[in-house]
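Notes follow once the structure below has been shown.
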Amino acid sequence: MTADDVVGRLESGMTVGIGGWGSRRKPMALVRALLRSDITDLTVVSYGGPDVGLLAAAGRIRKLVTAFGTLDSVPLEPHFTAARQRGAFEMVELDEAMMMWGLTAGAQRLPFMPVRAGLGSDLMEVNPALRTVTSPYEDGEKLVAAPALRLDAALVHLNRCDAQGNGQYLGPDPYFDDLFCEAADQSYVSCERIVETADLLKEHGPQTLLVKRLFVDGVVETPNGAHFTSCVPDHDRDESFQRAYVRAARDPEAWPAFVARFLSGDEAAYQAAVTAFHQEEEA
């Protein structure tokens, strides 16, 4: 599929899960395609990074379920921060582990998972919808009922895929992309490169096969499609471009020019603009 093919299957009002973590291995080409569409009023479930920032800046998020919004080397995602401060969307704050177990419950079609995450913290105060359960066994322990995170669609980015939808990560961390796909009614995987199935195991072990074709509805080959986030070992985070993004995001007068230069065209235009940006930086 193409990125635009994927977005053509999405609708306004959906609950969309976005894989990756902060500014790492985000399906940014799919997010940019989403920005080119008229889709809005989304509930977004994400370990937030520039995916959340860009969608928030464009006013596409009605409700956000997340544990944070960060660019990693920049502690707070600027568009996320601004949108949160002005109350631009409904916010559901969850502990990082609570999100993981919520996705696990969604993947297993359970209503919730009992967890200790969040106990003894203000999370229960800022998120009054959370409930607790008591163990039915002799221990009688009080636990948080992490609600299932069921998704209409999931978007993730991996290093390699085959045409059938088997997805492979080659970096140091799988994040929770497999859970996003399994918790969704439809899942789409963008990747740096589509290879033959046999080649997935030619140089790397079976533990790198993260996403199974059973849970994938479409594959998109998008070289550099995670930019400007990292997708190691294919490429690191583009720190200089990320700094330019942050400067523009913090300046209301500069942001429209950034959008016009980098986000007004298709993915090929974006990648060409990024190449020109680095040529100017070197000069």
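The values are calculated or read from the model by the stated rules, or taken from the named source; none is laboratory data. These numbers come from a predicted model, not from an experiment. Cβ sites come from the backbone with ideal geometry, for glycine too, and all protein chains shown count toward neighbours.
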Residues of the range 106-135 classified as aliphatic (A, V, I, L, M), closer than 28 Å to LEU54 by Cα and not in a loop (DSSP other than H, G, I, E, B), total: 3
Qualifying residue in the range 204-221 (condition: under 30 Å from GLU280 (Cβ atoms) and either in contact with a Phe, Trp or Tyr (Cβ under 7 Å, 6 or more places away or on another chain) or in a loop (DSSP other than H, G, I, E, B) (or both)): yes
Subset of the range 41-87 [of a type in the set (Ser, Thr, Tyr), assigned to a loop (DSSP other than H, G, I, E, B) and surrounded by 21 or more Cβ atoms within 10 Å (Cβ to Cβ)]: TYR47, THR70
ARG160 being in contact (Cβ under 8 Å) with a residue 12 or more places away in the chain, surrounded by 12 or more Cβ atoms within 10 Å (Cβ to Cβ), of a type in the set (Lys, Arg) and under 17 Å from LEU64 (Cα atoms): no
Residue check for GLU77: without any contact (Cβ under 8 Å) to a residue 12 or more places away in the chain and charged (D, E, K, R): no
Identity of the residue in the range 88-99, aliphatic (A, V, I, L, M), surrounded by fewer than 21 Cβ atoms within 10 Å (Cβ to Cβ) and in contact with a helix residue (DSSP H, G or I) (Cβ under 7 Å, 6 or more places away or on another chain), that ends up farthest from ASP122 (Cα to Cα): ALA88
Residue check, ASP38 among the acidic types (Asp, Glu), more than 9 Å from the chain's Cα centre (by Cα) and under 25 Å from THR104 (Cα atoms): no
Residue under evaluation GLU138, criteria (1) free of Cβ contacts under 8 Å to residues at least 60 places away in the same chain; (2) in a loop (DSSP other than H, G, I, E, B); (3) in contact with a Leu (Cβ under 8 Å, 6 or more places away or on another chain), criterion not met: (3)
Condition check for CYS191: at pLDDT 95 or above, closer than 20 Å to ASP4 by Cα, in contact with a helix residue (DSSP H, G or I) (Cβ under 9 Å, 6 or more places away or on another chain) and of a type in the set (A, V, I, L, M, F, W, C): no
Hits in the range 3-21 (condition: within 17 Å of the chain's Cα centre (by Cα), under 15 Å from ARG32 (Cβ atoms) and not small (Gly, Ala, Ser)): VAL6, VAL7, LEU10, VAL16, ILE18
Residues located in the range 115-157, provided they are surrounded by 12 or more Cβ atoms within 10 Å (Cβ to Cβ), acidic (Asp, Glu) and farther than 30 Å from ARG25 by Cα: GLU141
Subset of the range 4-27 [touching a helix residue (DSSP H, G or I) at 6+ places or on another chain (Cβ under 7 Å), among the aliphatic types (A, V, I, L, M) and surrounded by 24 or more Cβ atoms within 10 Å (Cβ to Cβ)]: VAL6, ILE18
